[in-house]
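What follows is calculated from the coordinates using simple rules that are stated; it is not laboratory data. Source: prediction; values computed, not measured. Cβ atoms come from the backbone with ideal geometry, glycine included; neighbour counts cover every protein chain shown.
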Amino acid sequence: MEMLLEVLSGSFLLAGSLLCLAGGIGLIRFPDFYTRMHASGVTETLATSMIIIGLMLQNPGVLVLMKLLIIWLLILLTSPTSGHALAKAAYRSGHKPLTTYNQESSSSKR
Amino acid sequence: MRQTISLIITLSLFWLMNSGMYKPLILGLGVVSVFFVVFMVRRMDVLDFESQPMELLPRLPRYYAWLIKEIVVSNFKVVKHILVGNKSIAPAISLVHSDLKTDMGEVILANSITLTPGTVAVELEDGDITVHALHGADLEGLQSGEMSRRVAQVERT
């Protein structure tokens, strides 16, 4: 049981770290500001969740579990808010997003 | 009144989770601080549906389960785009219209859009959300209104 938890925890932590790494690569690789925001979205959501689940499986006391849960909720509530503020600030100050998608099929639907 | 009680319960639980010390003196101090905060909040008159949306509580778990699934799926999509490279992305920006009735519903929708990687809500005005997407196809998925419909189920009054 102990062993199983340890392995599970390790794999969650590893997956979280790899996702963080992927987010970082995307941050460098993507062409403009808005697309880079999407890359950071990976680190904000799934990577953080994986790492927190991994830490939870380290079998700490109930209090630490609760604190991890609060941290998780806090990140899930604040990251879209800050992300939205960032995007809105850029958009309002006239930073034009790079668009390459062919819109002909979507314009009719609204 | 119900909102006051709900706030007292939330604050007490939060205090108990953070403290971990259950000596009478410390517990007493906790009770005092909870009631002081409730007193201040009532005095400031900020206790309303928006700060304590308890009517939504029973309908939230179902929405969360669906949202988590969406977040995981779109995370993998974005990671794929990152690994394949810039040729696979086709960024687009467009309006997404929602028929939600309450501000609460619109905020839930906009935050859910931002929370799923690959789409970011850039602007929210009168139920029209300007969304930037990493790939235009994701935008069409949003415009088909599945997420908006699910939020409508949550906000239903």
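Between 0 and 90 degrees, the angle of helix B:103-115 with respect to the longest Cα principal axis of chain B falls at about 60 degrees. Which net charge results when you count Lys and Arg as +1 and Asp and Glu as -1 among the other residues whose beta-carbon is under 13 Å from that of B:V73? Once positives and negatives cancel, what remains is 0.
Under the convention that each Lys and Arg Cβ holds +1 and each Asp and Glu Cβ holds -1, the size of the dipole of the stretch A:1-106 around its Cα centre is about 440 debye.
A Förster radius of 35 Å combined with the Cβ-Cβ distance from B:Y64 to A:K96 puts the calculated FRET efficiency at roughly 0.50. A simple count of charges around B:A110, restricted to other residues whose Cβ falls under 11 Å of its Cβ and scoring Lys, Arg +1 and Asp, Glu -1, yields -4.
Here's the list of lysines a cross-link from B:K87 could span, going by alpha-carbon distance under 27 Å and ignoring same-chain residues fewer than 8 apart: A:K88, A:K96, A:K109, B:K69, B:K77. Per-residue shielding of A:79-92, expressed as the average number of other chain Cβ atoms within 10 Å of the residue Cβ, stands at 5.
With just the Cα atoms defining each centre, how far is the stretch B:81-152 from the stretch A:88-103? Give it in Å. First find each Cα centre; the distance between them is then 14 Å. Averaged over the residues of peptide B:64-75, the number of Cβ atoms from other protein chains lying within 10 Å of each residue's Cβ is 3.
The simple Förster model, with R0 at 25 Å and r as the Cβ-Cβ distance, assigns B:V32 and A:L69 a FRET efficiency of 0.45. Kindly state, to the nearest 0.05, the FRET efficiency for A:L5 paired with B:D45, given R0 = 45 Å and r defined as their beta-carbon distance. Between A:L5 and B:D45 the formula returns 0.40. For the pair B:L95 and B:L83, label points projected 7 Å from Cα toward Cβ lie 3.9 nm apart. A helix-only calculation puts chain B at -20000 deg cm²/dmol for mean residue ellipticity at 222 nm, using -39500 (n - 2.57) for each DSSP H run of at least four residues, averaged over all residues. What shape does chain A take by its C-alpha gyration tensor, where a ≥ b ≥ c are the square roots of the eigenvalues and a/c under 1.5 counts as rounded, a/b above b/c as prolate, and the rest as oblate? Note, shape of chain A comes out prolate. Peptide B:89-98 has a mean shielding of 5, counted as Cβ atoms of other protein chains within 10 Å of each residue's Cβ.
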